[in-house]
Structure formats: C-alpha cells, structure tokens
Amino acid sequence: ATDFDGAGWAGSEGGGLARVNPDGTLDVFDETNTTLRGADTPGNIIVGGVDIDSRGFVWVTTRGTGSPLHVMNPDGAWQAFGPSIGDGLSSSSTAYDRIYIDSFDQKWIIVRDEKDFNLTSGLMVLETGSVGSQADDEFQFFNEKGGAGQGLPSVSVTSITEDRDGLLWVGTVGGPAFV
C-alpha cells in the first residue's frame with residue numbers, strides 16, 4: 001500500500017510491518033512499537049494485508065492472534081480490534097488475510113481458516129464507523145458459494161479491487177464476481 005506521503009507499506013509472514021519512506025529510510029513496526037503481536041511466539045507477526053483509507057488511517061490485518069485487525073491513526077497511535085463475531089464468524093475467527101479498502105472506506109477482508117491458514121473460509125465486509133470503537137462496527141460475512149448469478153463463485157477468495165466505475169471485483173478460485 002502507498003500512503004498520502006508517498007511511503008510504501010509492506011507486511012511479512014513473520015517479521016511484522018515495514019514502511020519505506022520517500023527518502024529511502026525504513027521504519028519497522030512490530031511488538032515493540034505497535035499493537036501487532038506474534039502468532040505463536042513473540043516476534044512471529046504474520047501480516048495478512050495492509051491498506052490506507054481516505055483519511056490516512058493505516059489498516060493492518062494479522063493471523064493467529066486474538067486481535068486480527070489493527071489501525072494506525074495519522075498521528076501514529078495504534079489500536080487493536082478483536083475479531084468480528086456473528087454471521088458465521090466466531091471468536092476464534094482470527095485469521096484475517098488481505099484487506100482492501102474501497103472508495104466508501106469499507107474494509108473487504110479475506111478470512112482464512114483458523115486451523116489451516118492455507119484455506120479460505122470467506123470474505124468479510126466491514127464498516128468501522130468511528131475508528132475508536134468497535135461498538136458501532138457493522139459487517140457481513142460471505143461464507144457460502146452462491147448460485148444463479150448471485151453470491152460468490154467460491155468462498156476461496158484470492159483478490160479484491162475496485163475499478164474506475166466503482167465496481168468491486170472479487171477474484172475467487174471459481175472465477176470472478178463483482179459488486
């Protein structure tokens with residue numbers, strides 16, 4: 001992801017999060033300076049994805065911890081969120097993967113199977129409301145294959161992007177879908 005200052009953000013499978021600043025310097029974000037935590041041992045931070053919303057908030061997803069969603073405010077303060085529960089998601093649904101933020105600041109998050117990170121269990125769409133509280137968050141979880149031109153061709157979601165016309169395209173192993 002690229003933020004408004006031109007810095008590039010990248011997550012890793014075990015090393016946390018990095019920001020490459022326009023001047024070439026590197027900032028590393030881990031357990032010492034964020035809410036990010038290791039999946040099974042300290043330091044093993046599995047970042048699923050990172051994206052920037054229209055207000056400059058940096059949203060980060062992780063796998064294997066009790067707080068799968070994190071946000072860094074424009075002032076640099078971090079906040080962690082527990083998993084969204086309901087609509088097919090439980091308190092153990094903490095394996096958040098790629099995140100895409102659309103033009104309405106909705107977070108589209110691929111959710112992995114907690115017991116096998118190689119499997120995808122569906123796609124969550126999250127409206128966070130005020131960033132400081134999970135109480136006003138609303139979400140919908142798509143965890144079933146659709147049919148007759150409705151729903152997802154497969155719950156194995158691989159990618160998400162928005163086109164210039166405002167259509168959100170969802171790539172799945174069963175083919176593409178759009179919203």
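The values are calculated or read from the model by the stated rules, or taken from the named source; none is laboratory data. From a predicted model like this one, the values you see are computed outputs, not experimental measurements. All Cβ positions, even for glycine, are placed from backbone atoms using ideal geometry, and neighbour counts span all protein chains on display. Just the protein is used for accessible areas: all its heavy atoms, side chains included, with ligands, DNA and RNA removed. Shrake-Rupley method; radii C 1.70, N 1.55, O 1.52, S 1.80 Å.
Label separation (residue 178 vs residue 130): 3.7 nm, computed from points 7 Å beyond Cα along the C-beta direction.
Return the whole-Å distance between the Cα centroid of segment 96-118 and the Cα centroid of segment 34-71. Cα centres, segment 96-118 to segment 34-71: 11 Å. A straight chain from residue 10 to residue 169 at 0.36 nm per residue would run longer than the Cα-Cα distance by 55.0 nm.
The residues of the chain expose, per residue, 49 Å² of accessible area to a 1.4 Å probe.
Rounded to a whole number of µm²/s, how large is the Stokes-Einstein D of segment 49-179 at 10 °C and 1.306 mPa s, given Rh as the Kirkwood radius over C-alpha pairs? Reported coefficient: 106 µm²/s.
Distances between placed amide hydrogens fall under 5 Å for residue 142 paired with 123, 124, 125, all partners being 5 or more residues away or on another chain. The stretch between residue 138 and residue 55, if pulled fully straight at 0.36 nm per residue, gains 28.0 nm over its current Cα-Cα span.
Please list 63, 37 from largest to smallest accessible area, probe radius 1.4 Å, with all protein chains kept in place. Walk me through the numbers before you get to the answer.
Working: 63 15, 37 110 Å².
In descending accessible area the options line up as 37, 63.
Taken along its principal axes, the alpha carbon cloud of segment 129-179 reaches lengths of 37, 28, 19 Å, longest axis first. Can you give me the % of accessible surface on the chain that is carbon or sulfur? Probe 1.4 Å, all protein chains present, nothing else counted. The computed percentage sits at 51. Length gained on full extension, residue 77 to residue 150, computed as 0.36 nm times the residue gap minus the Cα-Cα distance: 22.2 nm. Taking trypsin sites (Lys or Arg not before Pro) across segment 96-179, the ones in a DSSP loop with at most 11 further Cβ atoms lying within 10 angstrom of their Cβ are 115, 164. For the chain, a simple Cβ point-charge model (Lys and Arg +1, Asp and Glu -1, everything else neutral) yields a dipole of about 400 debye relative to the Cα centre. When the chain is treated as a GNM with alpha-carbon contacts under 10 Å, the residue of 60, 20, 71 showing the greatest mean-square fluctuation is 20. Treating r as the C-beta distance of residue 26 and residue 161 and R0 as 22 Å, the FRET efficiency rounds to 0.25. Taking every protein chain into account, the 1.4 Å probe leaves residue 138 with about 130 Å² of accessible area, to the nearest ten.
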